[in-house]
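One structure below.
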Amino acid sequence: MTPAIKILQQAQTPFTAHEYRHDPSAASYGLEAAEKLGVDPLRVFKTLVVVFDNGDYAVAVLPVSAQLGMKQVARAAGAKKAAMADGQQVQRMTEYLLGGVSPIGQKKRLRTFIDSSAQQFDRVYVSAGRRGLEIELGAADLQRHTGAQFVELAVGS
């Protein structure tokens with residue numbers, strides 16, 4: 001059981017865990033999840049950690065089929081520039097392995113932004129905290145458990 005699942009259970013938040021056999025050679029963890037679960041990639045969201053020019057970190061949650069707009073996430077955070085955070089730093093801050101970073105239950109709670117496209121779906125999928133395990137839950141519940149803001153983050157979806 002992952003920290004994300006424990007938090008959702010303790011809060012009695014409705015969710016469904018979906019497990020699949022992860023292929024270590026998969027080019028994209030998120031697209032692999034969408035394919036193996038038979039879900040539209042627009043409903044499966046990846047969790048990325050970014051660092052801003054002021055040294056602050058944040059979490060961006062967006063569809064696996066999209067690219068993160070660095071200008072969009074920087075603007076949302078009131079920063080000038082954003083870049084992807086170092087993988088080892090991400091693992092230290094979240095206590096999740098890359099490819100299995102959940103936006104819920106991270107060791108250090110970071111400011112979180114969810115792509116506004118999540119609001120069009122009753123339920124979305126995010127990592128449950130390990131490769132091969134996804135959580136399906138309401139977008140509003142995801143927002144509540146992360147303290148996130150909905151903003152436009154995606155480019156090229």
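Could you check LYS108 against (1) in a strand (DSSP E or B); (2) farther than 20 Å from ALA33 by Cα and say which number it fails?
Going through the list (1) in a strand (DSSP E or B); (2) farther than 20 Å from ALA33 by Cα, LYS108 breaks only (1).
If PRO103 meets every condition in (1) in contact with a helix residue (DSSP H, G or I) (Cβ under 8 Å, 6 or more places away or on another chain); (2) part of a loop (DSSP other than H, G, I, E, B); (3) open to solvent by 40 Å² or more (accessible area, probe 1.4 Å) apart from one, which number is that one?
(3)
For the subset of region 81-96 comprising residues that are assigned to a loop (DSSP other than H, G, I, E, B) and more than 13 Å from the chain's Cα centre (by Cα), which member is surrounded by the fewest Cβ atoms within 10 Å (Cβ to Cβ)? If you could, list the steps in order and put the result at the bottom.
Residues of region 81-96 that are assigned to a loop (DSSP other than H, G, I, E, B), as a first pass: 81, 85-86, 95-96.
Checking which are more than 13 Å from the chain's Cα centre (by Cα) leaves us with 81, 85-86, 95.
Details: LYS81: 13, ALA85: 20, ASP86: 11, GLU95: 15.
In this case the residue turns out to be ASP86.
Which one of these does GLN119 not meet: (1) outside any strand (DSSP E or B); (2) under 13 Å from the mean Cα position of the chain (by Cα); (3) among the polar types (S, T, N, Q)?
That leaves (2) as the condition not met.
Does LYS71 satisfy the condition of being open to solvent by 70 Å² or more (accessible area, probe 1.4 Å) and closer than 14 Å to LEU153 by Cβ? Break it down into steps so the answer makes sense when it comes.
Values: open to solvent by 70 Å² or more (accessible area, probe 1.4 Å): yes; closer than 14 Å to LEU153 by Cβ: yes.
So LYS71 fits the description; yes.
Restricting the search to region 113-130, which residues are over 12 Å from ALA4 (Cα atoms) and crowded, with 21+ Cβ neighbours inside 10 Å? Walk me through how you get there before you give the answer.
To start, the set of residues in region 113-130 that are over 12 Å from ALA4 (Cα atoms) comprises 113-125.
The answer is PHE113, ILE114, ASP115, ALA118, VAL124, TYR125.
Run PHE45 past the list (1) within 20 Å of ARG144 (Cβ to Cβ); (2) touching a His at 6+ places or on another chain (Cβ under 7 Å) and report the number of the one that doesn't hold.
All conditions are met except number (2).
The values are calculated or read from the model by the stated rules, or taken from the named source; none is laboratory data. All figures in this text were calculated on a predicted structure; none of them were measured in a lab. Cβ: placed from backbone, ideal geometry, glycine included. Neighbour counts: every protein chain shown. The accessibility values were calculated without ligands, DNA or RNA, using every heavy atom of the protein model including side chains. Shrake-Rupley method; radii C 1.70, N 1.55, O 1.52, S 1.80 Å.
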